[in-house]
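This report concerns only the one structure given below.
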Amino acid sequence: MKTAPSIARIDTFPCTYGTDRERMSFLYVRVTADDGSVGWGEVCDSYGCSYAGVLAHLIDEVFAPLIVGQPLVSVDLLADRMRLFTRRRLGDAWIAPQARSGIEIALWDLAGQAAGRSISELLGRTADHVEVYGSCGFLEEGPAEHHYEVIRPLLDRGVRKIKVRTGPEWHSDLDTLRKLRPMLGADVELMVDASETYTLPTARALAEALTEFDVRWIEEPLPQSERAGIEALVAHSPVPVAYGEHMFGLDDALDALRRRQLDVLQPDAATAGGISEARKMATAAPAYGVRVVPHVCSGPAALAANLHLAASVPAIRLVEYPPTLLPVWETFGDGAPLGLDSIVDGTLPVPTAPGLGVSISETACADHPYEAPGARVAGTTTGLPDRFVGDR
Ligand SMILES: [Mg+2]
């Protein structure tokens with residue numbers, strides 16, 4: 001039997017990339033084996049990786065020493081080692097599983113390369129293409145015409161599911177949506193993301209108002225932590241309710257599934273603790289009648305990891321695809337095409353190369369040094385109202 005390579009080192013690459021719209025940070029993770037092979041992973045905090053410097057430090061100080069020197073005989077064994085050695089001190093929600101995710105994905109990349117198979121093939125690949133939905137901007141960012149211009153390139157590639165975002169001024173958001181809806185065409189399904197903005201009474205009123213638009217789901221209407229409020233909403237909401245980008249592993253998902261606190265589960269392999277943990281979450285959901293649609297909102301390694309997740313869980317038929325991140329994928333990603341041109345009939349090909357199928361350009365990382373966010377907070381762009389006040 002071939003001896004498994006051992007992990008020689010783990011390096012972190014925090015970066016900040018500026019678009020016209022905003023500055024976003026990302027954290028890429030490189031794991032090097034003693035045979036010289038290299039695996040890439042990525043950490044997502046639900047919106048890039050805003051505090052990439054903090055997460056990089058967590059990897060350097062806490063998780064890398066637990067993995068360096070270990071043989072790569074089982075990714076799941078090493079993922080357990082990271083979790084079980086730290087959970088009683090650092091917990092297993094938020095930044096700890098986010099950081100572990102970056103290493104776990106890189107370990108899968110290495111394991112796939114060693115086996116000469118893609119990650120999804122290693123896990124049992126059930127699809128070569130996955131349908132994507134266009135995950136678009138906040139309605140307050142402009143008139144319906146502006147949103148249509150953003151969405152049109154996706155429609156041209158056959159994408160037929162579009163998500164838009166509502167904010168504190170949700171009445172005017174609905175006015176914009178009323179103008180946008182007919183522009184999209186009757187065959188386009190619509191979803192709405194509320195980014196944890198509302199209290200229960202507002203979430204109820206919005207869900208009721210959204211019946212006018214035949215919406216497939218309303219996402220994170222209340223803060224994820226307000227579980228009792230979410231449960232009350234889901235019990236009577238006229239539109240399905242989606243949560244999951246702030247869920248950290250199977251226990252978290254099972255808790256919400258058992259209490260019926262969601263209709264759509266949105267795990268993210270770069271957030272929840274890794275590809276295996278996100279697969280456990282995704283595999284549990286259908287037993288509760290819950291749909292699974294992975295969350296994607298970060299760099300190219302996170303997108304690729306979630307494509308492999310989708311392609312290895314039969315219940316997953318759809319994945320998030322935010323077009324604002326196209327320049328990020330283009331700048332940092334080498335390997336499998338992830339851009340608009342690679343979308344055929346609304347579906348994106350799942351990478352076929354051994355491992356993740358996408359690596360990260362170290363030159364691009366060096367060209368985009370990390371800037372700590374300071375008072376710049378994720379999701380807030382110039383001139384927008386303060387999201388975190390919500391309707392309170
Ligand atoms: Mg979301």
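Quick check on VAL328: is it within 18 Å of the chain's Cα centre (by Cα), more than 14 Å from TRP108 (Cβ to Cβ) and open to solvent by less than 10 Å² (accessible area, probe 1.4 Å)? The answer is yes for VAL328. Going through region 230-247 one residue at a time, which ones are away from the ligand (no atom under 15 Å from the Cβ) and open to solvent by 20 Å² or more (accessible area, probe 1.4 Å)? If the condition is that a residue be away from the ligand (no atom under 15 Å from the Cβ) and open to solvent by 20 Å² or more (accessible area, probe 1.4 Å), then GLU231, ALA232, ALA235, HIS236, SER237, PRO238 are the ones that fit.
Every residue, every condition in (1) among the small types (Gly, Ala, Ser); (2) touching a strand residue (DSSP E or B) at 6+ places or on another chain (Cβ under 8 Å), yes or no:
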| position | (1), (2) |
| --- | --- |
| GLU196 | no, no |
| LEU210 | no, yes |
| PHE213 | no, yes |
| GLN224 | no, yes |
| GLY229 | yes, no |
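Taking region 297-359 and the strands (runs of 3 or more DSSP E) fully enclosed by it, the elements with 1 or more residues that are away from the ligand (no atom under 16 Å from the Cβ) and within 22 Å of ARG21 (Cβ to Cβ) are at 333-335.
In this structure, does ARG87 turn out to be outside the structural domain of VAL31 (by TED's automatic domain parsing) and either touching a residue at least 60 places away in the same chain (Cβ under 8 Å) or of a type outside the set (Val, Ile, Thr) (or both)? No, not satisfied. Of the strands (runs of 3 or more DSSP E) lying entirely inside region 183-266, those containing at least 3 residues that are in contact (Cβ under 8 Å) with a residue 24 or more places away in the chain and within 20 Å of THR283 (Cα to Cα) span 241-243.
Inspection of region 215-223 identifies at least one residue that is at pLDDT below 95 and surrounded by fewer than 22 Cβ atoms within 10 Å (Cβ to Cβ). Filtered by the rule that a residue be open to solvent by 20 Å² or more (accessible area, probe 1.4 Å), more than 17 Å from SER6 (Cβ to Cβ) and aliphatic (A, V, I, L, M), region 30-57 gives a lone residue, VAL54. Quick check: anything in region 315-336 without any contact (Cβ under 8 Å) to a residue 12 or more places away in the chain, in the same structural domain as VAL241 (by TED's automatic domain parsing) and more than 19 Å from MET191 (Cβ to Cβ)? Within region 315-336, one or more residues are without any contact (Cβ under 8 Å) to a residue 12 or more places away in the chain, in the same structural domain as VAL241 (by TED's automatic domain parsing) and more than 19 Å from MET191 (Cβ to Cβ). For region 143-194, filtered to residues that are of a type in the set (S, T, N, Q) and open to solvent by 20 Å² or more (accessible area, probe 1.4 Å), the residue that is nearest to TYR133 (Cα to Cα) is THR176.
Residues of region 197-214 being buried (at least 22 other Cβ atoms within 10 Å of the Cβ) and either within 13 Å of the ligand (Cβ to nearest atom) or basic (Lys, Arg) (or both), which ones? Within region 197-214, THR197 is the sole residue that qualifies. VAL130 fulfils the conditions (1) over 18 Å from the mean Cα position of the chain (by Cα); (2) away from the ligand (no atom under 16 Å from the Cβ); (3) not polar (S, T, N, Q) except for a single criterion, (1).
The values are calculated or read from the model by the stated rules, or taken from the named source; none is laboratory data. Note that this is a predicted model, so its numbers are computed, not measured. As a convention, Cβ positions derive from the backbone with ideal geometry for all residues, glycine included, and neighbour counts pool all protein chains shown. Heavy atoms of the whole protein, side chains included, go into the accessibility calculation; ligands, DNA and RNA do not. Shrake-Rupley method; radii C 1.70, N 1.55, O 1.52, S 1.80 Å.
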